Amino acid sequence: MIMREKNPENLEFPFPELDSFVTPNERFFVRNHFEAPELKMETWKLRVEGTVNTPIELTFGDLIAISSRKLTAMLECSGNGRVFLQPKAKGLQWEQGGVSNAEWVGVPLAAVLDRAGIGAGAVEVILEGADCGEVTEDPRSPGPIHFARSLPLSKAIQPDVILAYEMNGEPLSQSHGFPLRAIVPGWYGMCSIKWLTRIVVTDEPFNGYYQSIEYSYFREVAGIPTLTAATEMEVKSQIARPTYREIVPKSSSYRIHGAAWSGEGQVVRVEVSADAGETWADATLMGESHTYTWRLWEYEWLTPTQPGPCILMARATDDRGRVQPVARDKARRSYMISHVVPLEVEVR
Ligand SMILES: Nc1nc2c(c(=O)[nH]1)N[C@H]1C(S)=C(S)[C@@H](COP(=O)(O)O)O[C@H]1N2
Ligand SMILES: [Mo]
């Protein structure tokens, strides 16, 4: 793993080493804002309150008694690829490995909300983690805050939004949110709250730090840029190999490979260019197509006969016709980094 920050722990998956559809637990990237809390299964409780018919408190035993669901879903940090931004942006300088894919087991959030009964006028569901800290750099928090995000009720009650306690057949590790985390498939990683201990149903939109100040972008409303919480993942592809400045033999065949994904859609096409975007050719999509996970792809590249630098690119298209853009959209601030990143290699 590549250490992006020691305390709190922030670890990047070395994306050039991508060689499996499911990311092994010890290679799944870690994104923590505060020190990971040490929660004990015996004393852990999940409170559900706010605009509900009856506020409830569930123990871990109560929770796992609810019928479970298995789901393969990837998480991508919305700052993944930040190192490629020009001018340089503040924040963790992720390369391509703020993204991973796992099989999760948990209970639908909808089933938990049902226990409490969603009250009249409910519009959003806030998920709050047990981790807590103070943001001491501008823009500062008003003191210690918990990591929290809200989901619109319509997303919160979708059966694929789960509260997970298993990751790739093992109990969640402390780094990934033991004993319980949300998995909000198709949405950027910050929506999938770890160390979940409190759920608040609200009758007004939530404007917490991590969706108004951080993890928000400018969306145009009647021509006026309006800060809006980032939610669904953009369509995107990444090249795992070759890597930046890799030496590639001339007049031979090289397997370019990587992964591509699209939030709530499915990738239908990945194209590769070996001439800085002048011409494109279709890559082969491997395995089956699934919503919420990445699709591995490969392309057999017949390398140039002449030595010299060569610019590679990959771009994905999804089943809703979204095409990965070539240009960076500044309205996205330092998040949702999905534009095509040129990759320079050296043919020798
Ligand atoms: N409680 C809590 N949940 C959290 C975070 C956090 O710092 N605290 N980080 C979020 C972010 S920004 C991402 S990208 C994902 C990363 O999940 P992972 O560490 O399991 O890869 O968790 C999200 N959930
Ligand atoms: Mo993130």
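Across the range 63-84, the number of residues qualifying as under 15 Å from Ala110 (Cα atoms) and either part of a loop (DSSP other than H, G, I, E, B) or of a type in the set (Asp, Glu) (or both) comes to 4.
Among the residues making up the range 12-26, those that are surrounded by 18 or more Cβ atoms within 10 Å (Cβ to Cβ) and either of a type in the set (D, E, K, R) or in contact with a helix residue (DSSP H, G or I) (Cβ under 8 Å, 6 or more places away or on another chain) (or both) are Glu12, Phe13. Between Glu38, Glu57, Glu42, the distinction of being more than 16 Å from ligand 2 (Cβ to nearest atom), in contact (Cβ under 8 Å) with a residue 40 or more places away in the chain and surrounded by fewer than 19 Cβ atoms within 10 Å (Cβ to Cβ) belongs to Glu38 only. Exactly one residue among Ser78, Ser192, Ser154, Ser150 is more than 30 Å from Thr54 (Cβ to Cβ) and small (Gly, Ala, Ser), and that residue is Ser78.
Since every read-out is calculated from the coordinates, none of them should be taken as a lab result. The model shown is predicted, which means the values in this text are computed figures rather than measured ones. Methodologically, a virtual Cβ is constructed for each residue, glycine included, from the backbone with ideal geometry; neighbour enumeration extends over all protein chains shown.
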